[in-house]
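Novice: Mind looking over this structure? Questions follow.
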Amino acid sequence: MENLHNHRGITNSNSCPPHGFTDIFRRELGLSHPNSFARRFSASEVLVKSLDLYGKLDGHEGCVNAVEFNSTGDLLVSGSDDRQVMFWNWASKTRLFAYPSGHTDNIFQTKIIPFTDDCRIVTSAGDGQLNIFIMLKEHQMEGLTLAEWTSLIEHGESRFESLPGQVRLGLLWEDGRVDTTMLGKHHGCVYKLAVEPGSAHIFYSSGEDGFIQHFDLRSNSATKLFCCSSSIGNNKQTLSKVGLNSIVIDPRNPYYFAIGGSDEYARVYDIRKCQWGSARNSDRPVNTFCPCHLIGSNNVHITGLAYSSFSELLVSYNDELIYLFEKNVHSDSSPSSATSEDPKNIHEAQVYSGHRNAQTIKGVNFFGPNDEYIMSGSDCGHIFIWKKKEAKLVRLMVGDQHVVNQLEAHPHIPILATCGIEKNVKIWAPLGNDIPPLPANVKEIMETNRQGREDRSRVTLTPDVIMHVLRLQRRQTLAYIERRHNRADIVSDEEDAEGYLLGFSDGDASSEEDSPGNSRDCNIS
């Protein structure tokens, strides 16, 4: 802990440009601003093509599902299936500190609350997943197809147990103590959190139960804003819940946030229009995004979202492609009105292809000082990086023996952190003067991924990805069941949400006492 509080500042001896003599010459003559030169160089295709493995951060005992740099970029925090939160000095490739999160299942998100000296960490996890115990020996698990797994589940070859998904706070003290507290919970997994830019108090969670929760650390309160719902077929009066996988806040206008989940639509909401404390009729997006050919699809859902610094929205679909939507700007600089998933509100998008996103909940992200590049992991274990404007693949790197799930860019310099099924975090940086070409088998890799999207039944699974696939299967099954619910079901849940506070009932308190980790009542000073 002492190392964590005392450590500030890094150097990178490998950041000198191998090219760019003209830009250097112009800078020395005073013809360009030093900051402008640095930003142009950081966005150069030569630099992106020279990205290579800088080092591995080993220490977790399970798959790593979450990585994030702090605001200064000198520290990295990670969360894993082992339910541990770890802090790293990524430059020296050393672990500074670790603590048990208090979660009962896999951590999916770790977020450092800004302006807290990196001492307040909020986490979300799969505590609420439907735990599946397959009645098979391990050697019988390997090589089964997704269809075979589905058949086993449907014919009772498994046992199910459901628990609430948790949102937790870790408070790190100077003497080395860590207190963890449950701030809120969802029915189902909580895959993503979103911290309001520039705020040391406000953040949001989205869950498989379809609810968006608003947290304020000053008041120790959590409010269920609304339950995301979608109309079924042509019947606008019949609604079904949308299980949520992702939530992101527009950095240029923090009033707006986007969510995506178990259907084809990315929805943008204005927090000022949400009806606090009562979710009825408040799940009306101000904008919706979806590729035209996916409208009405029943077999796709969104796994990852990302906002650029220009309010562009990046959307990654399960077993489909990645799409970039431009912001629809009006004179008031706010998104256009859209009260439903109406085709007239759907916008054309830039498309990025070549990867495969089927087995896990994958993120997607931007890279470069002005978000000049798009990057994604893949089921084939590769990291894909495309130019944003041309959608041209410029870099393809092996990032995991199985699946690359999450990618996070350093806030200031061209450094990249990734994680996946392997039990480590990988750091990527521009190294050396040689610019490697795309792999000779790049077309074969992309074609295999394309064929996999077209014929899902032939996908075989290894024990390393079994639990990830089971979570995916469970979410798809729940989405199908929830589509059959009517509006009355949603109203019932919304009534339960009224008056939701962090002052939990006795039942909640007893549940908290049973959870592992050093927990205490939520009392944030």
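Novice: Please list F215, F97 from largest to smallest accessible area, probe radius 1.4 Å, with all protein chains kept in place.
Specialist: Ranked from most to least accessible, the order is F97, F215.
Novice: Another one. Report, in listed order, any pair from K362/K389; K327/K426; K56/K443; K192/K241; K387/K423 with a Cα-Cα distance greater than 26 Å.
Specialist: Over 26 Å apart, Cα to Cα: K327/K426; K56/K443; K387/K423.
Novice: Any idea how far apart T72 and R252 come out in nm if each label point goes 7 Å out from Cα toward Cβ?
Specialist: 3.1
Novice: Going highest first, how would you order 392-403, 353-364 by mean Cβ packing within 10 Å?
Specialist: 353-364, 392-403
Novice: Using a/c under 1.5 as the rounded threshold, could you call the stretch 367-406 rounded, prolate or oblate? The axes a ≥ b ≥ c are square roots of the C-alpha gyration tensor eigenvalues, and prolate needs a/b larger than b/c, oblate otherwise.
Specialist: Since a/c reaches 1.5 and a/b is larger than b/c, the shape of the stretch 367-406 is classed as prolate.
Novice: With Cβ to Cβ distances under 11 Å as the rule, what net charge do the other residues near L416 carry (K, R +1; D, E -1)?
Specialist: 0
Novice: Which shape class, rounded, prolate or oblate, goes with the stretch 386-425 when its Cα gyration tensor gives a ≥ b ≥ c as root eigenvalues, a/c under 1.5 marks rounded, and past that a/b bigger than b/c marks prolate?
Specialist: Oblate.
Novice: Extension gain K392-T116, at 0.36 nm per residue separation less the Cα-Cα distance, in nm?
Specialist: Roughly 95.4 nm would be gained on extension.
Novice: About its Cα centre, how strong a charge dipole does the stretch 367-438 have in debye, to the nearest 20, once Lys and Arg get +1 and Asp and Glu get -1 at the Cβ?
Specialist: Using only the charged Cβ atoms, the result is roughly 120 debye.
Novice: Quick one: go through the stretch 92-127 and flag any residue whose amide nitrogen is under 16 Å from the point 7 Å out along the Cα-to-Cβ line of E61.
Specialist: Flagged as within label range: 98-107.
Novice: On to the next question. Once amide H atoms are built 1.01 Å from N in the peptide plane, which residues 5 or more positions from R83, or in another chain, come under 5 Å H to H?
Specialist: Residues meeting the amide H criterion: I107.
Novice: Give me the accessible area of R120, 1.4 Å probe, in Å² rounded to the nearest 10.
Specialist: R120 has an accessible surface of roughly 50 Å² with all protein chains in place.
Novice: Roughly how many nanometres apart are two label points built 7 Å out from the Cα toward the Cβ at R177 and C292?
Specialist: Computed distance between label sites R177 and C292 equals 6.2 nm.
Novice: Rounded to the nearest 0.05, what FRET efficiency do E447 and D52 give with R0 = 25 Å and r taken as the Cβ-Cβ distance? Could you check?
Specialist: 0.50
Novice: Let me ask something additional. Report the local net charge at S205: Lys and Arg +1, Asp and Glu -1, summed over other residues whose C-beta lies under 13 Å from its C-beta.
Specialist: The answer is 0.
Novice: Further, regarding this structure: Under 1.5 on a/c is rounded, so check that first for the stretch 359-450, then, if it is not, pick prolate when a/b is larger than b/c and oblate when it is not; a ≥ b ≥ c are the square roots of the alpha carbon gyration tensor eigenvalues.
Specialist: rounded
Novice: Kindly rank 174-183, 422-431 from highest to lowest mean number of other beta carbons found within 10 Å of each residue.
Specialist: Those peptides, ordered most packed to least, come out 422-431, 174-183.
Novice: May I pose another question? Distance in nm between label sites at S199 and L431, each 7 Å beyond Cα in the beta-carbon direction?
Specialist: 4.0
Novice: Also, I was wondering about something else. For H301, H187, write out the residues from largest to smallest accessible area, computed with a 1.4 angstrom probe and no ligands counted.
Specialist: H187, H301
The values are calculated or read from the model by the stated rules, or taken from the named source; none is laboratory data. Predicted, not measured: the structure shown is a model, and the values here were computed from it. Reconstructed Cβ throughout: ideal geometry from the backbone, glycine too, with neighbour counts over all protein chains shown. Side chains included, ligands, DNA and RNA excluded: accessible areas come from the protein's heavy atoms. Shrake-Rupley method; radii C 1.70, N 1.55, O 1.52, S 1.80 Å.
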